[in-house]
Amino acid sequence: MTELFPMQAQPRPSSPAQPRNPNSFLHDVTVYVGRMREFTREDWLVYAVWIGMMSGLCCTAGGFLLFGSAHGASFPQEAWLVPIGACVFTLAIAIDTIGHRTIYREEISRAEGLVHHVTIACGISSCVLLCMAWQHRGLLWIPALVATIFSFVYSLIDELFHWRRYISANSDRVEMWSHLFILLGHGTMMIGWWRWFYVGYSGVAATMAALRGT
């Protein structure tokens with residue numbers, strides 16, 4: 001899950017990929033992040049919406065747990081993996097998306113872009129359905145599970161594109177490491193979330209009652 005909106009396959013100037021140097025990873029990160037200077041107004045808008053949406057998930061999930069804990073709700077330890085995993089995921093895509101909007105833009109505008117959109121659609125659907133499953137458990141847990149599985153399936157398909165570019169020297173290790181943490185954050189968040197659902201969403205009822213002031 002890496003970008004929110006379709007790419008426009010328009011030619012644009014961009015800095016060339018940097019030669020791989022095993023002794024200068026920090027330099028590679030600096031160069032990669034520095035490509036934000038090439039952002040257009042549209043790039044900044046897409047970046048702000050995409051990263052802002054994921055930051056909102058981090059704040060919402062973490063805020064819900066903190067509020068509930070402050071009002072006597074008891075959550076299983078796995079529940080805290082949701083905001084933790086979401087934060088790791090958000091930081092990773094904040095870096096990864098820079099390359100997607102600049103140096104790898106033309107490549108991603110092809111089949112890889114479609115894979116991103118399917119992944120995002122499944123990922124967002126899985127989160128929404130899991131939230132709704134608190135009140136409609138029997139109806140929604142199956143579509144939530146299907147959406148979750150497909151979000152990971154398409155994430156792995158996306159990795160094939162990245163590794164193909166990497167072994168042909170058309171990608172760099174900053175992008176590859178960011179994808180490791182994308183998978184780590186996403187996996188931690190969703191497995192923790194599903195475990196929390198499995199044990200009955202402990203603490204949710206008490207937190208919702210506190211939010212309603214009852």
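Quick note: the coordinates plus some simple rules give every number you see, no bench work behind them. No experiment lies behind these values; they were computed from the predicted model shown. Backbone-built Cβ (ideal geometry, glycine too); neighbour counts: all protein chains shown.
By the equivalent-ellipsoid construction on the alpha carbon gyration tensor, region 42-162 comes out with semi-axes of 29, 19, 11 Å, ordered largest to smallest.
Under a model in which nothing but the beta-carbon of Lys, Arg (+1) and Asp, Glu (-1) is charged, the chain shows a dipole of about 200 debye around its Cα centre. Scanning the chain for long hydrophobic helices, with DSSP H runs required to stretch 15 angstrom or more by C-alpha along their axis and to average at least 0.0 on the Kyte-Doolittle scale, returns 41-70, 81-100, 111-132, 137-167, 173-198. Here the chain has an Rg and Dmax of 18.9, 61 Å, counting Cα atoms alone. Sorting the segments 31-44, 176-189 by their residues' average number of neighbouring beta-carbon atoms within 10 angstrom, most packed first, yields 176-189, 31-44. Treating each Cα of region 129-214 as an identical point scatterer and summing with the Debye formula, the log10 of I(q)/I(0) at q = 0.15, 0.19, 0.26 Å⁻¹ comes to -0.70, -0.89, -1.23.
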